[in-house]
Every structure is written in structure tokens, then in C-alpha cells.
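Quick notes on the structure that follows.
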Amino acid sequence: MASPLSSPLSSWLQGFRAVPAPHRTLVCFPYAGAGAAVFRDWASDVGPDTELLAARLPGRESRIGEPPLHRVEETIPALLAALEPLGERPLILFGHSMGAALAYATARALTAHGRPPALLAVSGRRAPHLPSRRPPVDGLDDAAFRARLAALGGTPPEVLACDDLMELMLPMLRADFAMSDGFLEPDPPPLPVPILAFAGAEDTEATVAEVAGWERLAGAGFSLRTLPGGHFFLHEQRAVIVKRLTEENL
């Protein structure tokens, strides 16, 4: 079976270690502004029977020369093609913030193609039928947008302070926020996949109640885990999250 690391669409998936005979694959989807590399350290926490892959969108890392995408729907055909070589192996899809929308849309598409994932795990993201409580960022000028990034806390201050670096990154960041802001499904049908949700107890971007709203979509069981931290709690709580993901009997 071909490895996704050597397939023609390998630019969409990044692997971090060789797993000779994986029992399952954990596919991670990053938050806005991030790339596959944010999941590199997860490789030390997953067990020897779990393959770890991370999605890498255009406009970042090795794909920095490609134009970024602005809608979740634009990513799905290529992601499905990149996942196809994995065959029938059980898939765990995990996404944080914008990545949760990508993971969910991928789960929907896989299910429609007769290959639902074994588990959908969403983190730091309101349920897709809940509108955002803040206005979209597309109307903000660069200074206001940078202030918005600073308030979220996910971008290092030294990056925000570097005009040259921000000039390079702003098109990708704006595209990611447009993708995140624009994803809404007012009346989504249940998904026949177990859903595991993670919420940050101090997260004001996606409150515990908003994350709990994913239960409406869970047609095969739902579990909510609240963890200490703000919107980027996944970094401090990495080991806890990975343990919970991989302890599933898949």
C-alpha cells in the first residue's frame, strides 16, 4: 500500500515517524495560522501502533509559495485524495479551532463516501450550527487584525512585532480566519460517528457551552472533556489529549 508521504498529494499530509504496521491513524488539523509542525511533538505521546499525520494547507511551511484557501469546502477534495491510500485502517480525526471545522468537514465527506472515521475529536471550537459571537475579521485593517491576533494569544509577540514577517504571513492568516469565520451549518444532520470534544475551562473564544453543542451532531455517542487553560490549551494539555484519543478501543 502506498504511503501518503510518497503519494502525489503528500503535500497535504505530514508524517513525523515511521510506523511499520500501524493499527490506526491519527490525523490532526491545525488552528488558523498554524501548520503541520504544531503536532510534531505529539509523536512522542502516541503509542507504537498509531500513525500520526498532520494536515498542511497551502500558504505555509513547504507550501508557502501556494495561494492560501479561503473556504473549508475548498480543502476537502484534496484531503480525501490524500487519505485514500490509507485504505480501511481506522481513522481518528482531531482538529483544534479552525482545524475542528476541517476535521468535521472531512468526517462528513468520508462518511458520504462510505468510509466514516472511527472517531471525530474536536477541540476549542463552537459547534457548526452556532454562529460566532464576534464580528468577522475581513473588515479589519492590518493594525486591528494584528491586535485581534495578539488578543487570541496564539501568535508570539516577537512575530507580531516584526513588520517584514507579518507582511509575509498576513495573506495566509487572513485566509485562515476567513475560512474559520465562514464555516457555519445552521441545521446539520447527525453524523454517524462518535464525537469527542475538548474545551478549555478559561477559553473565551469557544466556551465550554459552545463546545458542548457538538452533542447535537453526535449520532453515535458524545463525550466532553473540559481541561484547564484558555484557547490554546491544547499545547499545555497535549499529553492528556493524546492519551484520551488513543485510549479509544479502535
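The values are calculated or read from the model by the stated rules, or taken from the named source; none is laboratory data. The structure displayed is predicted, hence computed values, not measured ones. Quick reminder, even Gly has a Cβ in these numbers, built from the backbone with ideal geometry, and neighbours come from all protein chains shown. Just the protein is used for accessible areas: all its heavy atoms, side chains included, with ligands, DNA and RNA removed. Shrake-Rupley method; radii C 1.70, N 1.55, O 1.52, S 1.80 Å.
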Pairs, please: C-beta under 7 Å, at least 6 apart or cross-chain, first residue open to solvent by 10 Å² or more (accessible area, probe 1.4 Å) and in the range 174-202, second of a type in the set (D, E, K, R)?
178/138; 182/71
Selection from the range 218-250 of residues that are at pLDDT 95 or above and within 14 Å of residue 127 (Cβ to Cβ)
222, 224
Look through 216, 146 and report the one residue that is over 17 Å from the mean Cα position of the chain (by Cα), among the basic types (Lys, Arg) and open to solvent by 60 Å² or more (accessible area, probe 1.4 Å).
216
Give the number of residues within the range 110-129 that are part of a helix (DSSP H, G or I) and open to solvent by 20 Å² or more (accessible area, probe 1.4 Å).
2
For the range 87-109, which residues satisfy the criterion of being outside any helix (DSSP H, G or I), open to solvent by 10 Å² or more (accessible area, probe 1.4 Å) and touching a Ser or Thr at 6+ places or on another chain (Cβ under 8 Å)?
89, 90, 97
Over the range 227-240, the set of residues within 16 Å of residue 205 (Cα to Cα) and either crowded, with 16+ Cβ neighbours inside 10 Å or in contact with a Lys or Arg (Cβ under 8 Å, 6 or more places away or on another chain) (or both) is 227, 229, 230, 231, 232, 233, 234
Is it the case that residue 84 is modelled with pLDDT under 95 and either touching a strand residue (DSSP E or B) at 6+ places or on another chain (Cβ under 8 Å) or in a helix (DSSP H, G or I) (or both)?
yes
If we ask which residues in the range 134-143 are in contact (Cβ under 8 Å) with a residue 12 or more places away in the chain and either open to solvent by 70 Å² or more (accessible area, probe 1.4 Å) or out of contact with any helix residue (DSSP H, G or I) (no Cβ under 9 Å at 6 or more places or on another chain) (or both), their number turns out to be 3
Considering only the range 36-77, how many residues are outside any helix (DSSP H, G or I), in contact with a strand residue (DSSP E or B) (Cβ under 8 Å, 6 or more places away or on another chain) and not charged (D, E, K, R)?
6
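For residue 174, state whether it is more than 23 Å from residue 229 (Cα to Cα) and not aliphatic (A, V, I, L, M). If you could, list the steps in order and put the result at the bottom.
On the way: more than 23 Å from residue 229 (Cα to Cα): yes; not aliphatic (A, V, I, L, M): yes.
When the stated conditions are applied, residue 174 passes them.
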Restrict the check to the range 151-165 and report whether at least one residue is within 30 Å of residue 21 (Cβ to Cβ), open to solvent by 30 Å² or more (accessible area, probe 1.4 Å) and either hydroxyl-bearing (Ser, Thr, Tyr) or touching a helix residue (DSSP H, G or I) at 6+ places or on another chain (Cβ under 9 Å) (or both).
no
